[in-house]
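Here's the structure we're looking at; comments come further down.
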Amino acid sequence: MKTEARLIRGARLLDPSTGFDGVADLAIANGRILAAGDIPRDFSATEVVDAHGCCLCPGFIETSFQGHTPGSGRDGDLGSELRAAAAGGFTRVLLRPDTQPVADTPGVIREQLAQAEAVGLIRVMPCAALTPKLDGRGLCEMSALLEAGAVAFGQAQRSVEDAQILRLALAYAADFDRTVLLHPEDSRLAADGVVDEGPLSLRLGLTGRARAAEDIGLYRDLEIARLVGARVHFPTLSSATAVAQLAAAQAAGQAVTAGVSIHHLLLTSQDIGNFNTHAKILPPLRDARQQEGLRRALARGTVSVLSAQHEPRGPDHGNATMAAAPFGIAAIEYLLPLSLNLVRAGVLSLLQLVQRLTTGPATALGLPPPSLAPGASADLCVFDPEYAWEAPAKGWSAGDNHPYRQWELRGAVRLTLRDGRIVHRREP
């Protein structure tokens, strides 16, 4: 089989690992970056890509990805959702453990890896359950899960109520030097709330989910992690007070990182409007004051990861009431153009945005930071930052649960490459 060699001409290269931001050519051979800038004279490309006016950067990494494998298939599977991720410029995703059955055994981890290999698109990284069935009442066989291929541990969107169980779990994870992803929330105070507690919940007559539940849960989780020296990551914070706690912990030298979803940065609780189930997410959308606090934290780097928080739901949920509808938004293929709104608003520079999508997630997971250096894997994203289009009601994902229908978008992924092989191409 002939090895593909590509030359990408005239792109604006963005490499957060070195801070490089400039126009240059990039050569790919044998699945790796051969050169950037000065291309060897004897380099022969099987394809030349004209990328003038486009940006080229390492492929994006998602830290909260529900692939529904194993699962019933009604909400999608790795086949549909990895295609959506590739269309969004992602080359690696961390699978959430709340599958059916839960990813708490080596068999499930191996099945996820086998299914991803069969799909043959982008890389998957299984996140194993921290506790069996995510019930918070015991410990999983961590060594066996790691041996099967898990790269981290987590509880998806459930907290561990028993503080002693959490202490033991974090201590074992620290021994293995693995990141633990936690959902910081006092579950009793959250009280199965549907939307943010406040004027909106009162107007809609729905049970509110108090922001204080996140603030209190984060304080407890930070203290336990500090006690045992564990490396923890909070995938999606929604509270400005919680972010302030996070900043204090980081300033004290604690190994803790956090992410925020694009939805919490662009939408507020008011976007739920008149029972819009497509804007129902956990943690719930908050008010404009919380959103501004999250934006500032992302700009400062206190929050170092920008997430799609991808959770597809099939069309059979479409007629559910606000109270009964499942949480989740499926918009990973629209994350780039949605995030570019933050650049245009002056919240982030373009290089900072790419950093929050690449080296930020890698660092949080304890992975080597991706780069455009010669010898690095050619896991790349080429995007046109000015391409104008409209978000469709249905894209590559099996889920149609997103609130961005008919939004005017600017920016689109033209190419996604894994090991130099094109896994997604969008024609101009």
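Only the coordinates and a few stated rules stand behind these numbers; no lab work does. Just so we're clear, the structure is a prediction, and the values are computed from it rather than from any experiment. Every residue, glycine as well, gets a Cβ built from its backbone with ideal geometry; the counts of neighbours run over all protein chains shown.
Computing FRET efficiency as 1/(1 + (r/R0)^6) for SER349 and GLU141, where r is the C-beta to C-beta distance and R0 is 60 Å, gives about 0.85. For the peptides 387-396, 207-216, 160-169, the ranking by mean Cβ contacts within 10 Å, running from highest to lowest, is 207-216, 160-169, 387-396. Two numbers describe the Cα atoms of segment 173-252: Rg and Dmax, which are 14.5, 48 Å. In terms of the mean number of neighbouring beta-carbon atoms within 10 Å, the peptides 245-252, 183-190 order highest first as 183-190, 245-252.
Under the simplified labelling scheme, the THR321-ARG74 pair shows an inter-label distance of 1.9 nm, with each label point 7 Å from Cα along Cα→Cβ. Comparing mean-square fluctuations of PRO369, PRO40, PRO16 from a GNM of the chain with C-alpha springs under 10 Å, the top value falls on PRO40. The charge dipole of the chain, taken about its Cα centre with unit charges on the Cβ atoms of Lys, Arg (+1), Asp and Glu (-1) only, comes to about 420 debye. Each 10 Å bin from 0 upward holds the following percent of the Cα-Cα pairs of the chain: 5, 23, 33, 27, 11, 2, 0. Average 1/r across all pairs of distinct alpha carbons in segment 173-214, invert it, and you get the Kirkwood radius: 11.8 Å. A DSSP coil position with no more than 14 other Cβ atoms inside 10 Å describes the following chymotrypsin sites (Phe, Trp or Tyr not before Pro) in segment 1-76: PHE43. Over the residues of the chain, the helix contribution to mean residue ellipticity at 222 nm works out to -8500 deg cm²/dmol, using -39500 (n - 2.57) for each DSSP H run of at least 4.
Cα centroid separation, segment 198-241 to segment 265-279: 19 Å.
If the segment from ALA373 to ARG41 were pulled out straight at 0.36 nm per residue, it would be longer than the present Cα-Cα gap by 117.7 nm.
Using Cβ point charges alone (K and R +1, D and E -1), the dipole size of segment 381-428 about the Cα centre works out to roughly 200 debye.
With the contact rule set at Cα under 8 Å and sequence spacing of 6 or more, what percent relative contact order holds for the chain? Relative contact order here is 20 percent.
Could you tell me what percent of the DSSP beta bridges with both partners in the chain are antiparallel, to the nearest 5? Close to 50 percent.
Remark: segment 221-238, residue by residue, has Karplus-estimated 3J(HN,Hα) of 5, 4, 5, 5, 4, 5, 4, 9, x, 8, 8, 10, 9, 9, x, 8, 8, 9 Hz, where x stands for each Gly or Pro and the curve is 6.51 cos²θ - 1.76 cosθ + 1.60 at θ = phi - 60°.
Computed from the C-beta positions of ASP192 and ARG32, the FRET efficiency with R₀ = 45 Å rounds to 0.35.
Karplus-derived 3J(HN,Hα) values for segment 350-367, using 6.51 cos²θ - 1.76 cosθ + 1.60 with θ = phi - 60°, are 5, 5, 5, 4, 4, 4, 5, 9, 10, 5, x, x, 4, 4, 4, 8, x, 9 Hz; glycine and proline are entered as x. Toward the positive end of the charge dipole of segment 366-428, with +1 on the Cβ of Lys and Arg and -1 on the Cβ of Asp and Glu, the farthest Cα among ALA391, LEU409, VAL423 is that of VAL423. Among ASP177, ASP42, ASP384, which one moves the most in a GNM of the chain with springs linking Cα atoms closer than 10 Å? Result for the chain, Cα springs under 10 Å: ASP42 fluctuates most. Protection proxy ranking for 144-150, 198-204, using the average of other Cβ atoms within 10 Å per residue and placing the highest first: 144-150, 198-204. Remark: relative contact order (segment 306-364) = 33 percent; criterion is Cα-Cα distance under 8 angstrom and separation of 6 or more residues. Taken one residue at a time, the phi angles of segment 344-349 give Karplus couplings (6.51, -1.76, 1.60, θ = phi - 60°) of 5, 7, x, 6, 9, 7 Hz. Gly and Pro are set to x. Restriction of the trypsin sites (Lys or Arg not before Pro) in segment 1-100 to DSSP coil positions whose beta-carbon has at most 10 other beta-carbons within 10 angstrom yields LYS2, ARG41. Note: relative contact order over segment 211-354, using C-alpha pairs below 8 Å and six or more positions apart, is 23 percent. Which of GLY205, GLY89, GLY360 ends up with the largest GNM mean-square fluctuation for the chain, with Cα atoms connected below 10 Å? Fluctuation is largest for GLY205.
Summarising the amide proton neighbourhood of ALA412: residues at separation of 5 or more, or on other chains, whose placed amide H is nearer than 5 Å comprise ASP384, GLU386, TYR387.
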